[in-house]
1. In the range 98-109, is there at least one residue being part of a loop (DSSP other than H, G, I, E, B) and among the aliphatic types (A, V, I, L, M)?
2. Check whether at least one residue in the range 129-151 is surrounded by fewer than 20 Cβ atoms within 10 Å (Cβ to Cβ) and touching a Leu at 6+ places or on another chain (Cβ under 6 Å), and report yes or no.
3. When residue 68 is evaluated against the numbered criteria (1) over 20 Å from residue 162 (Cβ atoms); (2) surrounded by fewer than 18 Cβ atoms within 10 Å (Cβ to Cβ), which criterion, by number, is the only one it fails?
4. Which one is most open to solvent (accessible area, probe 1.4 Å), of the residues in the range 71-88 that are of a type in the set (Lys, Arg) and under 16 Å from the mean Cα position of the chain (by Cα)?
5. Given (1) modelled with pLDDT of 95 or more; (2) of a type in the set (Phe, Trp, Tyr); (3) more than 16 Å from the chain's Cα centre (by Cα), identify the lone condition not met by residue 100.
6. Being under 21 Å from residue 161 (Cα atoms), hydrophobic (A, V, I, L, M, F, W, C) and either without any contact (Cβ under 8 Å) to a residue 60 or more places away in the chain or surrounded by fewer than 24 Cβ atoms within 10 Å (Cβ to Cβ) (or both) is the filter here, so list the residues in the range 16-44 that pass it.
7. Would you point out which residue out of 151, 159 is over 19 Å from residue 100 (Cβ atoms), out of contact with any strand residue (DSSP E or B) (no Cβ under 7 Å at 6 or more places or on another chain) and modelled with pLDDT of 95 or more?
8. Is it true that residue 157 is of a type in the set (Gly, Ala, Ser), more than 15 Å from residue 23 (Cβ to Cβ) and loosely packed, with under 14 Cβ neighbours inside 10 Å?
Amino acid sequence: MEKPVPEAPPPFRVLMVCMGNICRSPTAEGVLRARLAAAGMAEWVLVDSAGTHAYHVGEPPDERSRAYAARRGYDLSAQRARAVDDDDFERFDLLLAMDWDNLALLQERCPPQAQRKLRRLMEFGRTAGSEVVPDPYYGGAAGFDHVLDLVEAACDGLVEHLARTPGRK
């Protein structure tokens, strides 16, 4: 009699969330995808991004976000903005807000049984010295580099956290 092959656990799903889904959350999605690929974890962690507002649905990430990300080797060109929808609270295992305002908006919409899934991305960037990823949209070029610095630090911490998830490797 053959031994049954254990089923692979379902993928773990992470949603990055900012306001319009054209600067911070697509950057975080791109960075996390790259970090997961480098760690050999891309097969079991799925990443997406969305905005709490539907200002830019269907648009690519901001040109400055794409340019600054490309300088560090991240390709955001295939991403398109979308708004958080009610199914996301069920579909994703972790919804990571870029700042306190977007976290509050998620908490308002989220069913009670899914509240435990809501966190800030910077909770994983303990050494970055910031509780939030600030919105670079109305600022200068330095803001986009700063976002990348913070997001890279947080995604490194998140990958370490996910690697310790029971039943994975």
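The values are calculated or read from the model by the stated rules, or taken from the named source; none is laboratory data. If you're wondering where the values come from, they're calculated on a predicted model, not measured in any experiment. Cβ coordinates were reconstructed from backbone atoms using ideal geometry, including for glycine residues, and neighbour counts include every protein chain displayed. Side chains included, ligands, DNA and RNA excluded: accessible areas come from the protein's heavy atoms. Shrake-Rupley method; radii C 1.70, N 1.55, O 1.52, S 1.80 Å.
1. Checked against the condition, which is being part of a loop (DSSP other than H, G, I, E, B) and among the aliphatic types (A, V, I, L, M), the range 98-109 yields at least one hit.
2. Scanning the range 129-151, I find at least one residue that is surrounded by fewer than 20 Cβ atoms within 10 Å (Cβ to Cβ) and touching a Leu at 6+ places or on another chain (Cβ under 6 Å), so the answer is yes.
3. (2)
4. Among residues in the range 71-88 that are of a type in the set (Lys, Arg) and under 16 Å from the mean Cα position of the chain (by Cα), the one most open to solvent (accessible area, probe 1.4 Å) is 80.
5. (3)
6. 34, 36, 37, 38, 39, 41, 42, 44
7. 159
8. Considered against the rule, which asks whether it is of a type in the set (Gly, Ala, Ser), more than 15 Å from residue 23 (Cβ to Cβ) and loosely packed, with under 14 Cβ neighbours inside 10 Å, residue 157 comes out as no.
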